[in-house]
1. Does residue B:59 qualify as being buried (at least 20 other Cβ atoms within 10 Å of the Cβ), within 16 Å of ligand 1 (Cβ to nearest atom) and within 14 Å of chain A (Cβ to nearest Cβ)?
2. Of everything in region B:145-167, what is touching a Ser or Thr at 6+ places or on another chain (Cβ under 9 Å) and within 16 Å of ligand 1 (Cβ to nearest atom)? Give them in sequence order.
3. So, in region A:1-49, how many residues would count as being under 27 Å from residue A:236 (Cβ atoms) and exposed (fewer than 11 other Cβ atoms within 10 Å of the Cβ)?
4. Can you tell me which residue within region B:219-243, out of those that are within 16 Å of ligand 1 (Cβ to nearest atom) and surrounded by 19 or more Cβ atoms within 10 Å (Cβ to Cβ), is farthest from residue B:85 (Cα to Cα)?
5. What tally of residues in region B:217-238 results from selecting those that are more than 17 Å from residue B:199 (Cα to Cα) and out of contact with any Phe, Trp or Tyr (no Cβ under 9 Å at 6 or more places or on another chain)?
6. Starting from region B:16-34, take each residue that is within 16 Å of ligand 1 (Cβ to nearest atom) and among the β-branched types (Val, Ile, Thr) and list its partners that are part of a strand (DSSP E or B) and modelled with pLDDT under 90, counting only C-beta distances under 7 angstrom and pairs at least six apart or across chains.
7. Across region B:114-143, what is the total count of residues that are surrounded by fewer than 20 Cβ atoms within 10 Å (Cβ to Cβ), within 14 Å of chain A (Cβ to nearest Cβ) and assigned to a helix (DSSP H, G or I)?
8. Report, by residue number, each residue of region B:9-18 that is within 12 Å of residue B:215 (Cβ to Cβ) and more than 16 Å from ligand 2 (Cβ to nearest atom).
Amino acid sequence: MSRPAASLLSRFFFAQPATGAASGAARWCSAALVGGVLVACGWVLLRCSGLRWDWEAVGAYWQLFLSGWRTTVGVSLAALLLSTLLGAGLALAQRSDFLPLRYLAKCWIELIRGTPLLVQIYVLFYIVADAVQLENRALAGVLILSVFSGAYLAEVFRAGIESVGRSQLESALAIGLTRAQTYRHVILPQALRSVLPSLAGQFVSLIKDSSLLSVIGLNEFTQSARNVASYTYSNFESYLLLAVGYLLLTLPISIWTRRMEQRFRYET
Amino acid sequence: MKLSLTKLCRAFGSHRALDGLSLECEATGSLVLIGPSGGGKSTLLRVLAGLERPDSGTVEINGKPLVFEELPLLQHRRRTGVVFQGFNLFPHLSALENITLPLTAVHGHPPEKAAAIGLDFLRRFQLESHAAQKPAALSGGQRQRVAIARALAIDPQFLLLDEPTSALDPVMTAEVLEAIEALRAQGRDFILATHEMGFARRVADQIAFIAEGRLVEIGPPEQLFGESAAPQTREFLARVLRY
Ligand SMILES: Nc1ncnc2c1ncn2[C@@H]1O[C@H](COP(=O)(O)OP(=O)(O)OP(=O)(O)O)[C@@H](O)[C@H]1O
Ligand SMILES: [Mg+2]
């Protein structure tokens, strides 16, 4: 390849080999290239498959989509908060000196992680929720998802806590920090940094897993899309909207956690 | 500093790291521990730091017995400055924050006062321009001096140092040794374990030779490095001083 062509390429499409940093021009050009190629591929595939768009039929049901999406957002956000608390509690319980608490946490984690979410939803809703006469489906959905996701988060948090080296704990002990202070000033800030990527993954899964709550009759986003698809026979349009709706929730989480990773960056 | 240890034992499995160690020393500013590798120096320092509980035996510091229970140990750790080989600074905190954390969290100083104390100590060790840097951005010698500053900032009753220069190259070693000599000049009490015999000789008021979990001999440097030393001490010194 000739020299100017090579330098042009590296100017618009390459990051610095040593630092990984990239100029604004390189980032925009590369993003445009990838976006363009993806759109072109999609367009070609659609043309070849002979699909006919019909947005009007689906558009008539926009309110149904919106209310389903709102339910998914509400349930997911509530479950996200609750499962974070539960996960942190379970992770601490697993490290407790009080053995019954430790075993209880381990049982919970293993039972939940070893069985399908679908089974848990049925059992928790039709047996447990029924027994305690909990009838609000959204609330039941939040609780079930939290129980489920909390078990996974507990393992994420445990790995994070264990990633903090022994010598760090000893240093904390030596300067006279109490156990609670050690968690707050030494373990938490260091663990948070190492768990951020898995935490983001778990949050994204939680949002997508909320679609399974349709089996207890909760009209969340996936259920709405399914309903609209069966009313209008516009499967493809409905599900495309569904995908966009979920991305609107999951992409910000990915972006936000990447930002946080940058902020917490320090070398060890 | 007055130190009185009687029949300290600490075993790891079947191996006795401290095997009935007794030691008396009166009015000493600096006590340096020397002896063969595995002899029990680090274990002894960890006991004195309140990080390790002996299986049996007693420790008395300045006339006060050390009680090996949670609360008194916590109080003891808060009054003791520790600089150990494996004890790193906290990597997520800057040099200054590493020094101020014990001041604010443990000793209840308000943040501004803690920062002022921290900066003052960094200045004494010629580190004020590195106050905002994380440990990863500091050299080994700078890191170790921040660790010493952190241990000093709480105004401890005494300082415990375990091979503070073992991981450093000669230039950095010199930096840290100078800092420790300055401590002695200021009349700070400290107990130090080291393999650097020249330094031990220069900085010690008393030297204790420890081997196989027991005290072989304690005395001023002239005694241990002189003709009247115990045969085991002379043999050890002859071996290490050959190189
Ligand atoms: N936590 C531990 N678990 C098991 N064995 C240990 C532990 N700590 C120390 N030991 C053992 O106790 C003995 C004394 O170790 P110590 O570290 O006190 O020696 P030292 O005099 O500091 O040696 P060095 O000069 O090499 O640092 C060694 O044999 C060591 O293997
Ligand atoms: Mg040692």
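1. Working: buried (at least 20 other Cβ atoms within 10 Å of the Cβ): yes; within 16 Å of ligand 1 (Cβ to nearest atom): yes; within 14 Å of chain A (Cβ to nearest Cβ): no.
Answer is no for this residue.
2. Residues satisfying the conditions are B:160, B:161, B:162, B:163, B:164, B:165, B:166.
3. Total meeting the criteria: 16.
4. B:233
5. Residues meeting the conditions: 5.
6. Once the first residue is within 16 Å of ligand 1 (Cβ to nearest atom) and among the β-branched types (Val, Ile, Thr) and sits in region B:16-34, no partner that is part of a strand (DSSP E or B) and modelled with pLDDT under 90 comes close enough.
7. Residues flagged as surrounded by fewer than 20 Cβ atoms within 10 Å (Cβ to Cβ), within 14 Å of chain A (Cβ to nearest Cβ) and assigned to a helix (DSSP H, G or I) within region B:114-143 amount to 2.
8. Filtering region B:9-18 down to residues within 12 Å of residue B:215 (Cβ to Cβ) leaves B:18.
Those that are within 12 Å of residue B:215 (Cβ to Cβ) and more than 16 Å from ligand 2 (Cβ to nearest atom): none in region B:9-18.
The values are calculated or read from the model by the stated rules, or taken from the named source; none is laboratory data. What you see is a predicted model, and the numbers here were worked out from it, not measured in a lab. So basically every Cβ, Gly included, is an ideal-geometry build from the backbone, and we count neighbours across all protein chains shown.
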